[in-house]
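Written out below as structure tokens is the structure these notes cover.
The values are calculated or read from the model by the stated rules, or taken from the named source; none is laboratory data. Not measured: the values here are computed from a predicted model. Cβ sites come from the backbone with ideal geometry, for glycine too, and all protein chains shown count toward neighbours.
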Amino acid sequence: MEENKNNRQAGRQGSTPFAQTYFHGTKADLRVGDLLTAGFHSNYGPRKNAKYIFLSATLDAAIWGAELAVGEGRERIYLVEPTGDIEDDPDLTDKKFPGNPTKSYRSTQPFRVVGEVTVWKGHAAEQVKAMKDALEKLKEQGINSLNDE
């Protein structure tokens, strides 16, 4: 026990069985082992083929992703692991939410589906409508995602 205490004091982190959990909200029907890849039509903005795919370390941001995704499918939240580097999502980092409190990230590399969150509570219908209305207003103003650059 004393040895473990000394290791922590020396600034070394002990091993842990836990890794960062990432979420991806969508209406796509995926299975464990599937890869999410860039290059498909974006759910947002001008709906061009997306250069990036997105994930979040917060469940709330993934819920927004599922609720705002286009299509008629069931809203789903997947647990994903990146297969390559990830970086802050510039649409949500320092422009709208300084410091990236939503823990939203993007990558050009695939994400592997490792599970699904099957029990979660969405936002109130009026919140979703307000968000969709705000996104539509931005679209009318010609303001689209920075992520298609």
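For residues in the stretch 20-41 being farther than 17 Å from V119 by Cα and outside any loop (DSSP other than H, G, I, E, B), which is modelled with the highest pLDDT?
Top of the filtered list is L35.
Please give the number of the condition Y44 fails out of (1) surrounded by fewer than 18 Cβ atoms within 10 Å (Cβ to Cβ); (2) at pLDDT below 85.
(1)
Filter the stretch 51-104 down to the residues that are assigned to a loop (DSSP other than H, G, I, E, B) and of a type in the set (A, V, I, L, M, F, W, C), then identify the one that is surrounded by the fewest Cβ atoms within 10 Å (Cβ to Cβ). Before you say what the answer is, go through the steps one by one.
If we filter the stretch 51-104 for residues that are assigned to a loop (DSSP other than H, G, I, E, B), which is where we start, we get 51-52, 57-58, 69-75, 83-86, 89-103.
Next, from what is left, pick out any that are of a type in the set (A, V, I, L, M, F, W, C): 57, 69-70, 86, 92, 97.
Values: A57: 16, A69: 17, V70: 12, I86: 21, L92: 21, F97: 15.
Filtering the stretch 51-104 for residues that are assigned to a loop (DSSP other than H, G, I, E, B) and of a type in the set (A, V, I, L, M, F, W, C), the one surrounded by the fewest Cβ atoms within 10 Å (Cβ to Cβ) comes out as V70.
Is there any pair linking a residue in the stretch 22-34 that is farther than 10 Å from V80 by Cα to one that is β-branched (V, I, T) and part of a loop (DSSP other than H, G, I, E, B), with Cβ under 9 Å and at least six apart or on different chains, and which?
From the stretch 22-34, the pairs are K27/V70.
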